[in-house]
Every structure is written in structure tokens, then in C-alpha cells.
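Contents: one structure, followed by commentary.
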Amino acid sequence: MRSKTYRELDERKKKGLFYAFLVLEEAFGVYRPVLRDTAEGLREAVEKREVGEGPFKRVRYMPDLGRLIQLAEKEEATCVKALEVLRKRLNEYAVKYGLGDLLNVEEGVARKLAEAKQPELSEFGGVNFGVKALAALIAYREHALGRRGVFGVAARHWLEVGGSAWLLYYTPKTAYNEAEKAKAEKPATVEEMLAEAFRRLFLKPGADHHRDFVELLGGGKLALMLEKKTVPSYVFKLYKLEEGGGLKELGIKLRIEKEGAGIVYTLGFDAERRELFGRELKAAEKAAEELKERWPIDEHPPTC
């Protein structure tokens, strides 16, 4: 931290930045290894299989729901632990060194920053180091698991290159702009997008809305076939894989669509399935009306 601007910070702010940096690095050290395992597991949890021959050859995608559930539960538990470490340490240093105004976390503000769109980043220029530390960990998690929020871009860049001090020191807008200059992302594969879709739609620990869906399969395996591809969206039909290799259509479609910096996952139901999933659809009744019986899923930043 040799910049002129940093040298001009008063000693309290330098101390606050230093302890926020220590806390974020400690919490990130708890979380990062498991996130890496989760990201790798998601890639492996959907099998791509070619069926048929010649002009009738089709690609079938087979998600391993059991594996996805395990990954989601382990990742969620580690998220809880990492955020507990971050909150506890920030509070310790705030009390010990009288740095409450620099390290105390406003949870609501941190979560708004983590999910802010690019034009909104300038609204958070005055947040303290503690708020930025919590927002960074939340945003990093969402970015690593498929949701490409703009502060997640900044968090991923600076945490991955060992620059968490800069992430905290810069305003969120500057941290994002600098990260964008250096960003070089690998596009997600279809298998990765499908795995993330099921993680978000059905497998978030503590949620029960996936149970009816799992029961619908009756112990069978799930298969997806690409029905339509347009830039930048995919539409899949869902099938139950029966004994002998036959496919039973479930009357459900999954749409994956890039929207701005993020990805939106949407389920579409036929009349019978809408009744079966009535509990969830009722909770999203207004959105369903606006989207003509589609069920949009846009998961909020984690509340663990």
C-alpha cells in the first residue's frame, strides 16, 4: 500500500484497513478451499451423454441430484462458518481498538452492495471497511457459484490475486473498474450451467421446495434434452429415465438465460405440473402472472 492516497490516510483508518484485511483473509481462508471443491464438483455432477446415431444423434444431460445435494450442504455449512469468523473478528478488533465506525457491519447495506448493479456501485462509496469485507465474501460466493454480480467480479479478482487490501481500500466502483480491466473469464459449459441451475432451483439447504420434484422422479434418474438454443439462452425438456433406458416426459421445461452480468434460471410447467407445484407457484403468483406461468428463480445473496 504505497500510494500517495494511502499515505495520506490518518492512523486510525490505516489501522482499520489493516484489521479488516486480516479478518477478510482469515474468513476467505476458511471458505475458499471448499468453494473450489464445490465448483469442481458441480462440473462433474452432470454427465453429458450422446444417444442415437447419425442424423438422430442427440445429447442427453444426466444430473446427479444426490451429489448436488451433498455439495450444496457442505458449501452452505462452510459459508456459515466463514461468515461467523468474519463477524466475530471484526467485532473483536472494533471493540479492542476503538474502531467501531470503521469495522462495524451494517448487514443490510453489505447485502445491498453484494447484489448491486453496476450503476448503483457509486452509492456505496462511503461504506466502511467492515461492510466491504462482508459484502466481498458474500459476493465472491455468488460469483463462484454462478451468479455474476458486479461486486462479485471485484471480489473474485482481488481475492484471487492476493489484493484484498485493495478491495477494501478502493471504493466499490473503483475496485470493480480495476477488476474489469484485468478480467479474463472462461465461459461456463452447458453442464456447469445445468448443475448450477439445479443447485439454485432445488438444492439450497434448508429449503423444502425441491422435495415434490424429487418425489416426482420416484427414485428414477433425471435426464434433460436441449429443445432450443438461441443466443444467449437455452431451453431444455425434462424427462424421467425409466428402466430399460426409456424416457418419460415430465411436462417441465428449464430455461437458462444470460441477463446482464448474471444468469437467470426459469422453470415452465404444463397444467398438471402447475397443480403439483402449486405451493411454490402460489408464493410466486405475481411473478408467474407477469411471466405467463413461468417461475423465475433469482436467489438473493446468502443469509447464512
Note on the range 23-60: residues outside the structural domain of Asn104 (by TED's automatic domain parsing) and of a type in the set (Phe, Trp, Tyr) are Phe56
Result of the Cβ filter at 7 Å on the range 141-169, keeping first residues that are surrounded by 22 or more Cβ atoms within 10 Å (Cβ to Cβ) and partners that are part of a loop (DSSP other than H, G, I, E, B) and modelled with pLDDT of 80 or more, at least 6 apart or interchain, is Gly149/Glu115; Val150/Ala116; Val150/Lys117; Phe151/Ala116
So is Arg43 under 30 Å from Gly246 (Cα atoms), touching a helix residue (DSSP H, G or I) at 6+ places or on another chain (Cβ under 7 Å) and surrounded by fewer than 17 Cβ atoms within 10 Å (Cβ to Cβ) or not? yes
For strands (runs of 3 or more DSSP E) lying entirely in the range 211-264, having 3 or more residues that are at pLDDT below 85 picks out 247-259
All-but-one check, Leu167 against (1) among the hydrophobic types (A, V, I, L, M, F, W, C); (2) over 24 Å from Ala45 (Cβ atoms); (3) in contact with a strand residue (DSSP E or B) (Cβ under 9 Å, 6 or more places away or on another chain); (4) modelled with pLDDT of 80 or more, failing number (3)
Over the range 49-92, the set of residues without any contact (Cβ under 8 Å) to a residue 40 or more places away in the chain and either in a strand (DSSP E or B) or among the β-branched types (Val, Ile, Thr) (or both) is Arg49, Glu50, Val51
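In the range 92-102, which residue that is of a type outside the set (Asp, Glu) and farther than 19 Å from Gly29 by Cβ is surrounded by the most Cβ atoms within 10 Å (Cβ to Cβ)? Spell out how you get there, then give the answer.
At the first step, the residues of the range 92-102 found to be of a type outside the set (Asp, Glu) are 93-100, 102.
Then keep just the ones that are farther than 19 Å from Gly29 by Cβ; that gives 94-100, 102.
Details: Ala94: 21, Val95: 12, Lys96: 9, Tyr97: 15, Gly98: 13, Leu99: 23, Gly100: 15, Leu102: 21.
It comes out as Leu99.
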Filtering the range 46-65 down to residues that are surrounded by 10 or more Cβ atoms within 10 Å (Cβ to Cβ) and not aliphatic (A, V, I, L, M) yields Glu47, Lys48, Arg49, Gly52, Arg58, Arg60, Tyr61, Pro63, Asp64
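Any idea which residue in the range 103-130 is farthest from the chain's Cα centre (by Cα), counting only those that are under 17 Å from Glu25 (Cβ atoms) and touching a residue at least 60 places away in the same chain (Cβ under 8 Å)?
Looking only at the range 103-130, we keep the residues that are under 17 Å from Glu25 (Cβ atoms), and these are 103, 105, 129-130.
Those left that are additionally touching a residue at least 60 places away in the same chain (Cβ under 8 Å): 103, 129-130.
On the way: Leu103: 25, Phe129: 23, Gly130: 21 Å.
Step by step, filter the range 103-130, then rank; the result is Leu103.
Please work out which residue is modelled with the lowest pLDDT, limiting yourself to the range 24-54 and to residues that are closer than 22 Å to Gly162 by Cβ and small (Gly, Ala, Ser). Walk me through it before giving the result.
Narrowing the range 24-54 to residues closer than 22 Å to Gly162 by Cβ: 24-40.
So of that shortlist, the ones also small (Gly, Ala, Ser) come out as 27, 29, 39.
On the way: Ala27: 96, Gly29: 93, Ala39: 80.
Going through the qualifying residues, I end up with Ala39.
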Filtering the range 66-102 down to residues that are basic (Lys, Arg) and within 15 Å of the chain's Cα centre (by Cα) yields Lys74
Cβ pairs under 7 Å, 6+ apart or interchain, first in the range 220-236 and under 17 Å from Arg49 (Cα atoms), second at pLDDT 85 or above and β-branched (Val, Ile, Thr), ordered by first then second residue, are Leu226/Val59; Glu227/Val235
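The values are calculated or read from the model by the stated rules, or taken from the named source; none is laboratory data. None of these values were measured; they are calculated from a predicted model. So basically every Cβ, Gly included, is an ideal-geometry build from the backbone, and we count neighbours across all protein chains shown.
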